[in-house]
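Engineer: Mind having a look at this structure? Questions to follow.
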Amino acid sequence: MSEKTTISVIKADIGSLAGHHMVHPDTMAAAAKVLAEAKSKGILTDYYITHVGDDLELIMTHRKGVDASEVHETAWNAFKEAARVAKELGLYAAGQDLLTDAFSGNVRGLGPSAAEMEFVERPSEPVIVFMADKTEPGAFNLPLFRVFADPFNTAGLVIDPKIHDGFKFEVYDVIAGKYVVLNSPEEMYDLLALIGTPGRFVIRRIFRKSDNEIGAVVAVERLNLIAGQYVGKDDPVAIVRAQSGFPAVGEVIEAFAFPHLVAGWMRGSHFGPLMPVGQRNARCTRFDGPPRVVALGFQIKNGRLIGPADLFDDPAFDETRRLAQTVAEYMRRHGPFMPHRLGPEEMEYTTLPQVLQKLQDRFTEAKLYQVKGPKVKTELLE
């Protein structure tokens, strides 16, 4: 059996230039030194470092498998070193996503988000890494459903015999810490019933139904649930394999041509459109947004990362960005009112509970009435 390759995409907000805007080049250089040393020691096969908004993104390949302690410790050390430089430069929120000083064998639960998959390389192995800023893991629910289950997006589901049987979706309940596997297309309605609530039910992994080969993985860490308070939005990453038994690259990125509404944006407390942008525009400015997503395409050969191709840096997505701007303008006009501002179940991790606590003694019991009978009589409730 051929040796397996693992791709690990691990990100963290370690501090930003001018607010929650963008990663400083010096912090990326500091992280690069750590990853270069790990490559020289044989821990990593290859790596690529980038940023989306205020998040430092580490894309790594290796032979250690998923959740390898050596690889996660390498990422942790890279983030710690980058955070040290961020503090020296006085960058904003330096070390924000590093919730502890102690590494415990895995970055999961410590603040950073991680998406990893292991597979035997095909003769040609196209992989797309998606990195989002100012949103949550459930932001990938709609586009990934379209990629792997919607024939109006992915023509191959109808005409390609290699994927015509469909895919299995592993859906994770971020509140209960449980997951369920649902088959598409036969359980599509059950699948939609869950993932239509992206703040709780998140697509975590997708497998080809015919042979259980992995096709996609999403980082599902929710920072506010880990820390118990708002410490920044989750800013998820995802990995998708394409072509030759999976949806084509064009089918994968087509799902992002609609800038759907996602939770996040300013202070992680507002709905806004997810705007696909090229790497050069991965800077969140207006109202700390709107939420952005970058897609980098790689070929993986013997563990080497060939590329990347900046897939959204294309005028074909200009209309999507223009629509996102229109939607952003419309949502912003709501100010602090829903549906721009998130619902109360999400706001409990912000400073809103402190406002309610301050005012609790000023609330007065009100008389409540109920409607009774066909002639609409009212009756005072006890």
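The values are calculated or read from the model by the stated rules, or taken from the named source; none is laboratory data. These numbers were taken from a predicted model, which means no experiment stands behind them. When we count neighbours, we look across all protein chains shown, and the Cβ atoms used for this are built from the backbone with ideal geometry, even at glycine.
Engineer: May I ask you to verify whether I7 is closer than 19 Å to P112 by Cα and either charged (D, E, K, R) or crowded, with 22+ Cβ neighbours inside 10 Å (or both)?
Structural biologist: yes
Engineer: A further question on this structure: Could you say which residue among A38, A93, A83 is over 21 Å from the mean Cα position of the chain (by Cα) and either aromatic (F, W, Y) or within 28 Å of V277 (Cβ to Cβ) (or both)?
Structural biologist: Testing whether each residue is over 21 Å from the mean Cα position of the chain (by Cα) and either aromatic (F, W, Y) or within 28 Å of V277 (Cβ to Cβ) (or both) leaves just A83.
Table: residues versus (1) without any contact (Cβ under 8 Å) to a residue 40 or more places away in the chain; (2) in the same structural domain as R286 (by the TED database); (3) under 23 Å from R108 (Cβ atoms); (4) among the hydroxyl-bearing types (S, T, Y).
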residue	(1), (2), (3), (4)
H24	no, no, no, no
A31	no, no, yes, no
V34	no, no, yes, no
A38	yes, no, yes, no
G42	yes, no, no, no
Y48	no, no, yes, yes
V52	no, no, yes, no
I59	no, no, yes, no
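Engineer: For E365, are the conditions met, namely being more than 29 Å from E251 (Cβ to Cβ), among the acidic types (D, E) and modelled with pLDDT of 95 or more?
Structural biologist: No, not satisfied.
Engineer: Also: Exactly one of these conditions fails for K80: (1) in contact with a strand residue (DSSP E or B) (Cβ under 7 Å, 6 or more places away or on another chain); (2) assigned to a helix (DSSP H, G or I). Give me its number.
Structural biologist: Failed condition: (1).
Engineer: With charged (D, E, K, R) and within 30 Å of R286 (Cβ to Cβ) as the only criterion, which of K11, K39, K33 stands out?
Structural biologist: Selected residue: K11, the only one of K11, K39, K33 that is charged (D, E, K, R) and within 30 Å of R286 (Cβ to Cβ).
Engineer: A further question on this structure: Does A248 satisfy the criteria of being aliphatic (A, V, I, L, M), within 25 Å of L311 (Cα to Cα) and either outside the structural domain of K11 (by the TED database) or at pLDDT 95 or above (or both)?
Structural biologist: yes
Engineer: Let me ask something else. Quick one: F130 ticks every box in (1) within 23 Å of the chain's Cα centre (by Cα); (2) more than 25 Å from G278 (Cα to Cα) bar one, so which box is it?
Structural biologist: It fails just one condition, (2).
Engineer: Another question, if that's okay. Looking at M331, M266, which is the one that is buried (at least 17 other Cβ atoms within 10 Å of the Cβ), within 26 Å of H21 (Cβ to Cβ), over 17 Å from the mean Cα position of the chain (by Cα) and not assigned by the TED database to the domain that holds I49?
Structural biologist: Of the residues listed, the single one that is buried (at least 17 other Cβ atoms within 10 Å of the Cβ), within 26 Å of H21 (Cβ to Cβ), over 17 Å from the mean Cα position of the chain (by Cα) and not assigned by the TED database to the domain that holds I49 is M331.
Engineer: Where residues in segment 61-75 are without any contact (Cβ under 8 Å) to a residue 60 or more places away in the chain and surrounded by fewer than 24 Cβ atoms within 10 Å (Cβ to Cβ), which of them is farthest from I10 (Cα to Cα)?
Structural biologist: That would be K64.
Engineer: If you don't mind, another one. Going through segment 272-311 one residue at a time, which ones are hydrophobic (A, V, I, L, M, F, W, C), under 25 Å from M347 (Cα atoms) and touching a Phe, Trp or Tyr at 6+ places or on another chain (Cβ under 7 Å)?
Structural biologist: F287, V293
Engineer: Follow-up question, since we're still on this one. I'd like to know if segment 89-111 contains one or more residues that are under 27 Å from F298 (Cα atoms), modelled with pLDDT of 95 or more and not small (G, A, S).
Structural biologist: So far as segment 89-111 goes, no, none of its residues is under 27 Å from F298 (Cα atoms), modelled with pLDDT of 95 or more and not small (G, A, S).
Engineer: Could you please give the count of residues in segment 12-54 that are part of a strand (DSSP E or B) and at pLDDT 95 or above?
Structural biologist: 7
Engineer: Yes or no: V85 surrounded by fewer than 23 Cβ atoms within 10 Å (Cβ to Cβ), more than 20 Å from E37 (Cα to Cα), at pLDDT 90 or above and hydrophobic (A, V, I, L, M, F, W, C)?
Structural biologist: No, not satisfied.
Engineer: Filter segment 113-128 for residues that are of a type outside the set (A, V, I, L, M, F, W, C) and in contact with a Lys or Arg (Cβ under 6 Å, 6 or more places away or on another chain); which is surrounded by the most Cβ atoms within 10 Å (Cβ to Cβ)?
Structural biologist: Filtering segment 113-128 for residues that are of a type outside the set (A, V, I, L, M, F, W, C) and in contact with a Lys or Arg (Cβ under 6 Å, 6 or more places away or on another chain), the one surrounded by the most Cβ atoms within 10 Å (Cβ to Cβ) comes out as S113.
Engineer: Quick test of your reading of the structure: R208 fulfils all but one of (1) among the basic types (K, R); (2) over 21 Å from the mean Cα position of the chain (by Cα); (3) exposed (fewer than 14 other Cβ atoms within 10 Å of the Cβ). Name the failing condition by number.
Structural biologist: All conditions pass for R208, except number (3).
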